[in-house]
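S.K.: Dropping the structure in here first, questions after.
The values are calculated or read from the model by the stated rules, or taken from the named source; none is laboratory data. Predicted, not measured: the structure shown is a model, and the values here were computed from it. Please note: Cβ atoms are built from the backbone with ideal geometry, for glycine as well, and neighbour counts cover all protein chains shown. Keep in mind that these areas ignore ligands, DNA and RNA; they rest on the heavy atoms of the full protein, side chains included. Shrake-Rupley method; radii C 1.70, N 1.55, O 1.52, S 1.80 Å.
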Amino acid sequence: MTTFVDRVELHIAAGNGGHGCASVHREKFKPLGGPDGGNGGRGGDVILTVDQSVTTLLDYHHSPHRRATNGKPGEGGNRAGKDGQDLVLPVPDGTVVLDRAGNVLADLVGHGTSYVAAQGGRGGLGNAALASARRKAPGFALLGEPGDLQDIVLELKTVADVALVGYPSAGKSSLISVLSAAKPKIADYPFTTLVPNLGVVTAGSTVYTIADVPGLIPGASQGRGLGLEFLRHVERCSVLVHVLDTATLESERDPVSDLDVIEEELKQYGGLGDRPRIIVLNKIDVPDGKDLAEMVRPDLEARGYRVFEVSAVAHLGLRELSFALGELVGQARAAKPKEEATRIVIRPKAVDDAGFTVTQEDAGLFRVRGDKPERWVRQTDFNNDEAVGYLADRLNRLGVEEQLMKAGARAGDGVAIGPEDNAVVFDWEPSMMSGAEMLGRRGEDHRFEEQRPAVQRRRDRQAERDESLGEYSDFDPFE
């Protein structure tokens with residue numbers, strides 16, 4: 001059964017925002033008590049957070065579909081809907097977040113580092129929040145916005161200071177087992193190591209991590225063997241250690257040729273040319289291995305490499321190797337730039353930036369694109385004429401109608417708001433009247449202009465008395 005997964009495709013969905021509520025306060029002797037519809041709750045976000053206790057992406061391999069909870073709709077009595085709960089997904093340290101096209105969205109390094117992969121939708125406003133001095137009792141509410149839907153790829157790149165690279169069965173697993181407390185699988189056949197192994201090494205006052213990368217073979221950078229799957233785990237390492245087998249039974253191989261092959265694969269993979277290298281000639285406990293190590297050492301040193309002769313089985317030369325690695329790791333850490341506090345960059349909107357664009361397409365269609373118009377369309381209930389009228393008011397105040405006229409739009413032309421695959425299309429009528437105006441003048445509600453029945457009856461009786469007396473008076477005792 002697979003226990004280590006370092007690349008998965010994840011399908012995530014943030015929560016939808018709850019709809020606003022259209023409600024009117026009802027109480028005895030108060031037939032029009034005013035709007036009291038509450039706002040809908042916000043949808044939950046999907047957040048990726050680095051957790052040191054997580055070392056694999058196995059859980060997401062088995063369950064790739066994740067969804068946050070939706071916000072609750074608002075209710076009457078000015079009761080707002082409950083916000084949806086955020087979905088926090090723990091990921092290993094060193095996880096890279098990419099989109100399906102391969103673009104890097106986030107590089108999560110360090111415990112607690114988080115990234116909002118999908119943002120929850122806003123909750124819709126209730127009619128209580130939409131009321132104003134001119135629109136006293138809105139008969140509609142705004143809909144909640146849908147949450148983001150994302151398909152992302154998670155790739156794990158091991159966070160280690162030292163990487164052990166080399167041919168299969170070169171002794172990398174044995175070496176990491178004696179340098180640290182790691183207990184990798186060790187056997188006498190190729191590709192024993194199927195997953196990267198991590199160990200912690202203490203060399204004097206320096207503590208560093210060391211990774212055993214599964215064996216590389218010729219063509220690994222093009223997908224042969226296991227190399228392509230695990231070469232990404234070398235990218236974050238500060239020091240590369242070539243573990244060369246001096247006791248191989250294959251007659252066509254020797255330490256120098258093995259080094260050249262692995263270096264060529266690293267070159268083909270790219271991005272590793274600046275890392276310091278150390279050569280480890282392993283298995284010198286074997287008589288022929290000791291002789292071969294002494295034979296090739298001058299050639300390797302002539303190339304500028306530091307060479308160490310070790311035996312993981314006999315524990316020979318390990319102390320010198322661990323301190324040399326600690327020295328290089330210390331130098332790499334000192335050369336890293338100091339981390340600075342994140343700067344807050346404020347980018348004010350340009351004076352002439354309307355926040356939307358109007359473009360003319362084929363067949364006389366005009367398309368409106370912008371965050372506000374598209375969001376307002378998503379929030380509108382098109383089954384409610386008053387809500388459609390409110391949308392028309394908002395677009396007019398934003399200047400959409402003016403820009404359409406400047407772009408050459410005429411009455412009856414088609415106007416689309418939103419992207420091509422999800423747009424609202426309608427026939428444009430300049431200053432068109434809609435449901436919000438059917439109640440009276442734009443922004444007014446004639447229901448609040450009506451007199452109460454009892455007052456109207458008293459007015460009628462007074463008018464009858466005045467008519468019977470033949471008098472007319474402007475005086476109104478009930479004003």
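S.K.: Quick check for you: with a 1.4 Å probe and neighbouring chains kept, what is the accessible area per residue of the range 261-377, in Å²?
M.R.: Ligands and nucleic acids excluded, the figure is 65 Å² per residue.
S.K.: What does the C-alpha gyration tensor say about the overall shape of the range 223-332? Classify as rounded when a/c is under 1.5, otherwise prolate if a/b is larger than b/c, or oblate.
M.R.: Cα axes put the range 223-332 in the oblate bin.
S.K.: Stokes-Einstein diffusion coefficient for the range 100-159 at 25 °C in a medium of 0.890 mPa s, Rh from the Kirkwood formula over Cα pairs: what value in µm²/s?
M.R.: 157 µm²/s
S.K.: In square angstrom, what is the accessible area per residue of the range 75-127 with a 1.4 angstrom probe?
M.R.: Value for the range 75-127: 52 Å² per residue.
S.K.: Still on this structure: Could you tell me the distance between the Cα centroids of the range 253-299 and the range 24-77, to the nearest Å?
M.R.: Result: 58 Å between the Cα centres.
S.K.: Need one number: convex hull volume per residue for the range 367-428, Cα atoms only, in Å³.
M.R.: Dividing the Cα hull volume of the range 367-428 by its residues yields 83 Å³.
S.K.: From the convex hull of the Cα coordinates of the range 37-90, what is the mean projected area in square nanometres?
M.R.: So the Cα hull casts an average projection of 4.3 nm².
S.K.: Sort the following peptides by mean Cβ neighbour count (other Cβ atoms within 10 Å, averaged over residues), highest first: 376-385, 458-467, 278-287.
M.R.: 278-287, 376-385, 458-467
S.K.: Could you tell me which of the pairs Lys72/Lys157; Lys82/Lys136; Lys283/Lys336; Lys267/Lys336; Lys157/Lys336 are separated by over 28 angstrom between their Cα atoms in the structure shown?
M.R.: Too far apart for the 28 Å limit: Lys72/Lys157; Lys283/Lys336.
S.K.: If you average the C-alpha positions of the range 301-322 and of the range 372-416 separately, how far apart do those two centres end up, in angstrom?
M.R.: Between the Cα centre of the range 301-322 and that of the range 372-416, the gap is 74 Å.
S.K.: Taking the mean number of other Cβ atoms within 10 Å as a proxy for protection, how do you rank 196-203, 292-299 from highest to lowest?
M.R.: Ranked by mean Cβ neighbours within 10 Å, highest first: 196-203, 292-299.
S.K.: Taking a cut-off of 19 Å between Cα atoms, list the lysines near Lys372, but don't count ones fewer than 8 places away on the same chain.
M.R.: Lys349
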